[in-house]
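Take a look at the structure set out below.
The values are calculated or read from the model by the stated rules, or taken from the named source; none is laboratory data. A quick note: this is a predicted structure, and the numbers were derived from the prediction, not measured. In this analysis, Cβ positions are derived from the backbone assuming ideal geometry, glycine residues included, and neighbour counts consider all displayed protein chains.
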Amino acid sequence: MTRIIDRETAGGLCGCLECIDMMREVHRLVSDGQCAMLDRGLIPFANGNSLAVMPAGMESLGITGAKLAIFAGPETKKNGTQQGIISLFSTVDGSLAAIVEAEMITVLRTAAVSAMATDCLAAKDAGTLCVIGAGRLAYMHILFISKIRAITKVYLHARGTERAMALAERVKEELGIEAVVCREAAEAVGSADIVCTVTNAKEPVLQGAWLRPGSHVNAVGACKHTAREIDAAALTRSRVYVDSRSAALTDAGDLLIPLDNKELDETVIAGEIGEVLSGRVPGRQSDDEITLFESVGLPVQDLMMAYRIYRKACESGSGLEVQL
């Protein structure tokens, strides 16, 4: 039997702290070489849509599978019709255990990874947060990071002021955290201990010159080699960590564009976040150091989330069982 798990069910089965702990576990395994992954494959179409294929396997858990999702072009974004699934197979008997809706998992694991990296790298007393962007990921980053740091104030900047204002109201009402909308990104960035970029920008929305000493950055939105959210100065001023060196040097435009322009070289990468977790690479070295986590997104993150959600769905009887 195959269990089908929809978006609402998937979103209700794992809490924030559990998701963060899952991503700690995943990244230790990644950096210990205990996960199998292929680089993300894309099939582009003339209307701007692309089919993304992200396969992974974890033999220790007896699972393998892939995320299949549409990376949306302009019309698809406007219509809100992009969709995705994660298939979950048993490596033991080859059975298809589950098909899980992918968008909710993508949002949860992305925010959880940023929170995990923040917990590893940001100052322990960091209390102010800047978020550039005002979409769903922006709110989820505030929610998740507020679980691992005592956030007292959030500074928001987005291309659409109305969306930023709506996000500020939601943060105040649902999380009880003061939220301020800044017209200028420099003001928001310069006011914060922790900075997250969660945009669809193709050109930098964050300049390294704006970062204050001791801050931490999660660069999240630019996961294509042609797009970037941060300038080269943000990298050269920071101690830089990645989710996967291989993935970052394939898909992270934040790194690849300045590398191609000879503005920096690969030695700017201090290590993988999993290497920090395992103690093989040091994290923050001083109170004044700026740290930066470049998040591309890994297939194994999706696989682990889908597996845990599947297990919880089996325990609670959630989802729909079908014979394919």
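Going by what's in this entry, would ALA234 be described as aliphatic (A, V, I, L, M), within 25 Å of GLY190 (Cα to Cα) and over 13 Å from the mean Cα position of the chain (by Cα)? Judged against the criteria, ALA234 is a match. The residue that is nearest to GLY221 (Cα to Cα), among those in the stretch 282-295 that are crowded, with 24+ Cβ neighbours inside 10 Å and of a type outside the set (Gly, Ala, Ser), is GLU294.
The sole residue among LEU13, LEU68 that is without any contact (Cβ under 8 Å) to a residue 40 or more places away in the chain and touching a helix residue (DSSP H, G or I) at 6+ places or on another chain (Cβ under 8 Å) is LEU68. Do the conditions hold for ALA56, that is, is it farther than 15 Å from VAL107 by Cβ and assigned to a strand (DSSP E or B)? Yes; evaluated as a whole, the condition is true for this residue.
Within the stretch 303-317, can one find any residue that is touching a helix residue (DSSP H, G or I) at 6+ places or on another chain (Cβ under 7 Å), surrounded by 24 or more Cβ atoms within 10 Å (Cβ to Cβ), aliphatic (A, V, I, L, M) and assigned by TED's automatic domain parsing to the domain that holds VAL189? So far as the stretch 303-317 goes, no, none of its residues is touching a helix residue (DSSP H, G or I) at 6+ places or on another chain (Cβ under 7 Å), surrounded by 24 or more Cβ atoms within 10 Å (Cβ to Cβ), aliphatic (A, V, I, L, M) and assigned by TED's automatic domain parsing to the domain that holds VAL189. Annotation: of all residues in the stretch 35-50 being within 19 Å of the chain's Cα centre (by Cα) and assigned to a strand (DSSP E or B), the one that is farthest from PHE71 (Cα to Cα) is MET37.
For the stretch 212-246, a residue qualifies if it is in a loop (DSSP other than H, G, I, E, B), at negative phi and surrounded by fewer than 23 Cβ atoms within 10 Å (Cβ to Cβ), and the qualifying residues are ARG212, PRO213, CYS223, LYS224, HIS225, THR226, ALA227, ASP231, ARG237.
Checking GLY221, GLY190, GLY208, GLY214 one by one, the residue that is closer than 18 Å to TYR155 by Cβ and free of Cβ contacts under 8 Å to residues at least 24 places away in the same chain is GLY190 and no other.
Taken residue by residue, the stretch 118-139 has at least one member that is in contact with a strand residue (DSSP E or B) (Cβ under 7 Å, 6 or more places away or on another chain), surrounded by 17 or more Cβ atoms within 10 Å (Cβ to Cβ) and closer than 20 Å to ASP302 by Cα. Scan the stretch 255-267 and tell me whether some residue there is among the hydrophobic types (A, V, I, L, M, F, W, C), closer than 19 Å to ILE105 by Cβ and outside the structural domain of SER31 (by TED's automatic domain parsing). Looking for residues that are among the hydrophobic types (A, V, I, L, M, F, W, C), closer than 19 Å to ILE105 by Cβ and outside the structural domain of SER31 (by TED's automatic domain parsing), one finds none in the stretch 255-267, hence no. Any residue at all in the stretch 70-77 that is over 27 Å from LEU17 (Cβ atoms) and assigned to a strand (DSSP E or B)? Yes. Residues in the stretch 157-201 that are assigned to a loop (DSSP other than H, G, I, E, B) and in contact with a Gly (Cβ under 8 Å, 6 or more places away or on another chain): ALA158, ASP193, VAL198, THR199, ASN200, ALA201. All conditions in (1) modelled with pLDDT under 95; (2) more than 20 Å from SER114 (Cα to Cα) hold for GLU321, with the sole exception of (1).
Here PRO44 meets each of (1) within 30 Å of GLY317 (Cα to Cα); (2) touching a strand residue (DSSP E or B) at 6+ places or on another chain (Cβ under 8 Å) with one exception, condition (1).
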